[in-house]
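Contents: one structure, followed by commentary.
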Amino acid sequence: MNTIAKHLEQKGRNNLSIYFTSGFPELNDTQKVIEELGEAGVDFIEVGLPYSDPLADGPTIQDSSTIALRNGINLDIVFDQLMSIKDSNKTPLVVMGYLNQVLKYGEKRFCEKVVACGIDTVILPDLPMVEYENHYKALFDSYGINNVFLITPNTSEERIRKIDEYTQSFIYMVASSAITGAKGEISDQQIAYFERIKAMNLKSKLIIGFGISNHSTFSKACEYANGAIIGSAFIKNLQNNGIQGIASFVKGIRNA
């Protein structure tokens, strides 16, 4: 059982994950952000790999990627940053990036670096299922890496069932069919979607993301899943309040 799966199994519900962009707001802030999030008590951290064409990301995360790239971030630097805190960090990490980054960096080299950093879970939103089945499943399995699949309100039941069979950590349940970004309160339409997925009685843990931005939306998401991921709202807080504002942000999500 991988580190994320083990944690989710032990805690069960109300898991809070935070997404942040490596190298943002400053190049060498990656380690500091992880340390502060760990001290604040988040359950696991989604480490974003800045990319010039992030298809699933909304304006806030896109802007943070642009700034990080302008700061000079690249995958080698990210992996060096993660290696530097491997022994001290106690919070499970997930690497989130895009398939083209993996291809450009080198598939085996990417996997070797991920594992060397003590990470065993990745999210590649644009990885086609057929490519996973024909190639990446065997590759990731050989390195002990787990791939997280995303589902949306438009994902067919057949595909969800297949994803459930392949999942070893959690299913990323996208709250809407739109790109990332804080969108206010959760709608009745989204709740109907959450209830539909919950009624499928999948074997995998469910983590809801996209549009989760405050205590209210986090708590509502946790009624239907094992936890939620917050990205854009955290990036905005980091930009406005700096690293010193991380603890109060996490406290605000946990307790209104």
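Return a yes/no flag: does the range 55-65 have any residue that is touching a helix residue (DSSP H, G or I) at 6+ places or on another chain (Cβ under 6 Å), in a helix (DSSP H, G or I) and either farther than 26 Å from F140 by Cβ or hydroxyl-bearing (S, T, Y) (or both). The answer is yes; a qualifying residue exists. If you go through the range 21-37 and keep only what is buried (at least 19 other Cβ atoms within 10 Å of the Cβ) and either not hydroxyl-bearing (S, T, Y) or not in a helix (DSSP H, G or I) (or both), you end up with T21, S22, G23, F24, D29, V33, I34, E36, L37. For the range 23-46, filtered to residues that are without any contact (Cβ under 8 Å) to a residue 60 or more places away in the chain and under 14 Å from the mean Cα position of the chain (by Cα), the residue that is nearest to N240 (Cα to Cα) is I34.
Within the range 98-112, residues that are closer than 12 Å to L124 by Cα have Cβ atoms under 7 Å from residues that are of a type outside the set (F, W, Y) and at pLDDT 95 or above in these pairs: Y98/L124; L99/L124; L99/L127; Q101/L49; Q101/L75; V102/L124, counting only partners at least 6 apart in sequence or on another chain.
Within the range 1-20, is there a residue that is of a type in the set (A, V, I, L, M, F, W, C), modelled with pLDDT of 95 or more and surrounded by fewer than 21 Cβ atoms within 10 Å (Cβ to Cβ)? Steps first, answer last, please.
At the first step, the residues of the range 1-20 found to be of a type in the set (A, V, I, L, M, F, W, C) are 1, 4-5, 8, 16, 18, 20.
Subset that is modelled with pLDDT of 95 or more: 16, 18, 20.
Subset that is surrounded by fewer than 21 Cβ atoms within 10 Å (Cβ to Cβ): none.
Within the range 1-20, none of the residues are of a type in the set (A, V, I, L, M, F, W, C), modelled with pLDDT of 95 or more and surrounded by fewer than 21 Cβ atoms within 10 Å (Cβ to Cβ).
Taking each residue of the range 222-240 that is more than 10 Å from I207 (Cβ to Cβ) and looking for partners that are part of a loop (DSSP other than H, G, I, E, B) and among the aliphatic types (A, V, I, L, M) with beta-carbon atoms closer than 7 Å, six or more apart or interchain, yields I230/I212; S232/A182; A233/A182. Scanning the range 215-224 for residues that are within 17 Å of the chain's Cα centre (by Cα) and surrounded by fewer than 22 Cβ atoms within 10 Å (Cβ to Cβ) gives a single hit, C222. Return yes when E26 is farther than 23 Å from C222 by Cα and either aliphatic (A, V, I, L, M) or out of contact with any Gly (no Cβ under 9 Å at 6 or more places or on another chain) (or both) and no when it is not. Yes: the conditions hold for E26. Does T91 satisfy the criteria of being out of contact with any Phe, Trp or Tyr (no Cβ under 7 Å at 6 or more places or on another chain) and either polar (S, T, N, Q) or within 27 Å of M173 (Cβ to Cβ) (or both)? No.
In the range 165-177, how many residues are under 19 Å from the mean Cα position of the chain (by Cα), more than 20 Å from C222 (Cβ to Cβ) and at pLDDT 95 or above?
Residues in the range 165-177 being under 19 Å from the mean Cα position of the chain (by Cα), more than 20 Å from C222 (Cβ to Cβ) and at pLDDT 95 or above: 1 in total.
Please enumerate the residues belonging to the range 205-214 that are surrounded by fewer than 23 Cβ atoms within 10 Å (Cβ to Cβ) and over 18 Å from K11 (Cβ atoms). Of everything in the range 205-214, those that are surrounded by fewer than 23 Cβ atoms within 10 Å (Cβ to Cβ) and over 18 Å from K11 (Cβ atoms) turn out to be S213, N214. Reported count of residues in the range 137-152, each being touching a helix residue (DSSP H, G or I) at 6+ places or on another chain (Cβ under 8 Å) and buried (at least 17 other Cβ atoms within 10 Å of the Cβ), is 6.
The values are calculated or read from the model by the stated rules, or taken from the named source; none is laboratory data. Note that this is a predicted model, so its numbers are computed, not measured. With ideal geometry, Cβ positions are generated from the backbone for all residues, glycine too; neighbour counts draw on all protein chains shown.
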